[in-house]
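Working notes, structure below.
Read-outs: derived from the displayed coordinates by stated rules, not from any lab. Source: prediction; values computed, not measured. Virtual Cβ from ideal backbone geometry, glycine too; neighbours counted across all protein chains shown.
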Ligand SMILES: [Zn+2]
């Protein structure tokens with residue numbers, strides 16, 4: 001249930017006006033029981049609606065189609081619910097996902113066949129957008145003000161066979177975490193004392209779909225570098241100072 005509207009500032013877009021408390025990680029990502037201490041941020045209705053349009057297909061993709069995340073026990077627990085929602089939902093976005101998908105055999109971690117599942121090309125899912133909403137929400141929570149539009153968020157996906165590379169990346173910076181959100185989501189972060197927004201985040205869904213994100217002023221991110229780590233080292237000069245993230249209601 002959304003909380004009662006009140007006047008405040010949206011943690012995603014910065015508009016002042018009517019806001020309600022928003023779950024930064026939507027409840028639809030979690031099989032029961034839901035996390036009892038969710039991460040929240042004030043949000044305007046428009047941002048909550050736009051965010052839902054990105055996060056729902058992303059959740060559906062992770063649970064139904066993603067070659068890594070869909071093998072997790074959490075995804076398995078959510079699948080009947082998502083399947084029912086998909087069969088009821090007639091949105092053009094989801095129809096497009098289904099049209100682009102190909103049925104492929106799925107093999108479990110033990111090498112045994114798990115039947116067939118719909119595989120959808122990742123570029124047809126708003127993955128980066130969904131991750132960026134979550135990171136914006138976390139920054140709105142930590143900094144108590146929204147990320148200015150002079151900043152960009154760069155998202156990078158890691159598959160299980162790239163986890164060694166991810167561990168190497170994380171060992172280069174003083175990451176704080178893991179912060180756990182139920183059993184389904186974990187995240188780590190490191191801030192920069194230069195400003196309250198520049199930061200690195202690693203978000204993990206169902207332990208199998210990992211994303212690193214870098215938040216930095218757009219001017220420092222152009223032109224695009226060949227290596228994310230080298231951009232981090234040059235733009236985030238004073239990593240390590242983090243503000244704590246507030247959980248639940250304020
Ligand atoms: Zn907003």
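If you take the Cα centroid of the stretch 126-204 and the Cα centroid of the stretch 1-46, the two points sit 19 Å apart. Placing a pseudo-label 7 Å from each Cα along the Cα-to-Cβ vector at residue 85 and residue 183 gives an inter-label distance of 1.9 nm.
Under 17 Å from a label point 7 Å along Cα→Cβ of residue 219: give me every residue in the stretch 129-159 with its amide N that close. So the set is 148-153.
Which peptide among 133-143, 74-84 comes first, and what is the full order, when sorted by highest mean count of other Cβ atoms within 10 Å? Present the calculation step by step, with values, prior to reporting the outcome.
On the way: 133-143: 23.5, 74-84: 16.4.
Peptide ranking by packing, descending: 133-143, 74-84.
Seen from all directions on average, the stretch 25-89 presents a Cα convex hull projection of 5.0 nm². Residues 176, 189, arranged from fewest to most other Cβ atoms within 10 angstrom of their Cβ, appear as 176, 189.
Using every Cα-Cα pair within the stretch 127-235, state what percent have a distance larger than 22 Å.
Values: 1501 of 5886 pairs.
More than 22 Å apart: 26 percent of the Cα pairs in the stretch 127-235.
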